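Throughout, read-outs are computed from the coordinates displayed, never taken from laboratory work. The structure presented is a predicted model; accordingly, all values stated were derived computationally and were not measured. Every residue, glycine among them, receives a Cβ derived from its backbone with ideal geometry; neighbour counts consider all protein chains shown.
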Amino acid sequence: MRANGGGAIVNISSNLGAHKRAPGIAGYVASKASVSGLTRNGALDHIRVGIRINAVRPGPSDTSMSLRPGEDEAERAARMKDHSPLGRVSATDEIAAAVLYLASRDAGSVVGTDLVIDGGASERSHQQAEPQSATRWPHVA
């Protein structure tokens, strides 16, 4: 890439890791969080030679990986109505469009970004966290 004047790298990761966590899959979550660090630091290391590095972090998408054991697509669709603020899994075309955007000249100033494509699932997990009240945390005003 350097010899050709630069380019774009788009890493594919997961909304799990830097943006969302889940019990029982610590190794997976840690590996995906490390993709975020690699993307962001690599972006800083290589932007001066014209190489942009970003990541797409899909959540549940229309692939077999988002199916639970024994679950079919109709059951997944029903589960996602309650699980995702969007109410459905992301289409693979939606994720591909994000990758194409980050690889394009239109994203020429986008550097070191984690583009989360998860229908709001990461944000929902933050909203459902237990609120920190003044009575529980008296030192917080």
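Quick one: D62, D45, fewest Cβ neighbours within 10 Å first, how do they rank? Intermediate values should be presented prior to the final figure.
Numbers: D62 18, D45 11.
Lowest count first: D45, D62.
Could you point to the label whose value was computed as Rg/Rh (Cα atoms, Kirkwood Rh) for the structure here, given (i) 0.93; (ii) 1.55; (iii) 1.06?
This structure yields the entry labelled (iii).
Please arrange D82, D118 by counting, for each residue, the other beta carbons lying within 10 Å of its beta carbon, fewest first.
Going from least to most buried by this count: D82, D118.
When the helices in the chain are scored as -39500 (n - 2.57) per DSSP H run of 4 or longer and the sum is shared across all residues, what 222 nm value do you end up with, to the nearest 500 deg cm²/dmol? Don't jump to the answer; show the numbers that get you there.
Working: 4 runs with 51 residues, N = 141.
About -11500 deg cm²/dmol.
Taking the Cα centroid of region 15-61 and of region 103-119, what is the distance between the two, rounded to the nearest whole Å?
One Cα centre to the other: 12 Å.
Identify which of E75, E94, E123 has the largest mean-square fluctuation in a Gaussian network model of the chain, with springs joining Cα atoms closer than 10 Å.
For the chain, modelled as a Gaussian network with Cα springs under 10 Å, the answer is E75.
Work out how much length S34 to A3 would gain on full extension: take 0.36 nm times their residue separation and subtract the Cα-Cα distance, in nm to one decimal.
Fully extending the segment from S34 to A3 adds 8.4 nm.
Of the residues P58, P23, P85, which exhibits the maximal mean-square fluctuation in a Gaussian network model of the chain defined by a 10 Å Cα contact cut-off?
Among P58, P23, P85, the largest mean-square fluctuation in the Gaussian network model of the chain belongs to P23.
Amide H of G59 versus every other amide H placed in the peptide plane: which residues, excluding those fewer than 5 positions away on the same chain, fall under 5 Å?
When sequence neighbours closer than 5 places are left aside, the close amide H contacts are N15, I117, D118.
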